[in-house]
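Take a look at the structure set out below.
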Amino acid sequence: MSLKDQINADIKAAMLAKEKEKLTALRAIKSMILLAETEKGAVEEISEDAEMKLLMKAAKQRKDSADLFREQGREDLADKEQGELDIISNYLPKQLTEDELKAEVQKIIDQVGATGPQDMGKVMGAATKAIGGKADGKTISAMVKSLLS
């Protein structure tokens, strides 16, 4: 079942259960998928990789918004964004732990043959492709920096 089909099924279930918050988050994901499918030059069905990128983008937006609202003392809005983030996270692949991430990045460093901080670009390119939706870009970058130093 594709992500789009899963979202549609979950939207129906949320409507029947009258879960407003879940429905809002699911509709936002569906909207992002539909926009990606109707972009100029896009294929009819977007790839699974593109779906994961959309979900990561949506999750990052919610996380950033929640952090910003907390800084401004708007806990009500921060809680709303956090709730949507939790729902979106259910569709993302399981995130790597710090130890798993360190092992993956070390393996990539060995494959690329990186020796120091000057090779960070090569390692980040390979790491972003390999680890993709399993870890946040900032987390990957911080791990690469620490291992190359």
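Please treat every number below as a calculation from the coordinates, not as lab data. Remember, predicted model here, so these are calculated numbers, not experimental data. Glycine also receives a Cβ, built like all others from the backbone with ideal geometry; neighbour counts cover every protein chain displayed.
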**Request:** Please compute the net charge surrounding LEU54, taking Lys and Arg as +1 and Asp and Glu as -1 over other residues with Cβ under 12 Å from its Cβ.
**Result:** 0
**Message:** Angle check, please: helix 98-112 long axis (alpha carbons) against the longest principal axis of the chain (alpha carbons), in degrees 0 to 90, nearest 10.
**Reply:** 50 degrees
**Item:** Of LYS40/LYS94; LYS53/LYS107; LYS57/LYS80; LYS30/LYS63; LYS30/LYS122; LYS80/LYS145, pairs whose Cα-Cα distance is over 28 Å
**Value:** LYS40/LYS94; LYS30/LYS122; LYS80/LYS145
**Asked** If you place +1 on the Cβ of every Lys and Arg, -1 on the Cβ of every Asp and Glu, and leave all else neutral, what size is the dipole of segment 22-124 about its Cα centre, to the nearest 20 Debye?
**Response** 200 debye
**Prompt:** Of all trypsin sites (Lys or Arg not before Pro) in segment 1-108, which ones are in loop regions per DSSP and have a Cβ with at most 10 other Cβ atoms within 10 Å?
**Reply:** LYS18, LYS40, LYS94
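Tell me, what is a quarter of the convex hull surface for the C-alpha atoms of segment 100-140, in nm² with one decimal?
On the way: hull surface 10.5 nm².
About 2.6 nm², averaged over all directions.
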**Gyration tensor (alpha-carbon) shape descriptor, segment 3-89, a/c threshold 1.5** = oblate
**Message:** For the chain, take the longest principal axis of its alpha carbons; what is the angle in degrees between that and the long axis of helix 120-131, to the nearest 10 within 0 to 90?
**Reply:** 40 degrees
**Message:** Let me check I've understood the local charge: for MET143, count other residues with C-beta under 11 angstrom from its C-beta, Lys and Arg +1, Asp and Glu -1. What total comes out?
**Reply:** -2
**Message:** If I fit a long axis through the Cα atoms of helix 48-71 and take the longest principal axis of the Cα atoms of the chain, what angle between them do I get, 0 to 90°, rounded to 10?
**Reply:** 80 degrees
**Fill in**
the chain -> Rg/Rh from Cα coords, Kirkwood Rh, value 1.04
**In segment 1-105, GluC sites (Glu not before Pro) in a DSSP loop with at most 12 other beta-carbon atoms within 10 Å** = GLU39, GLU44, GLU45
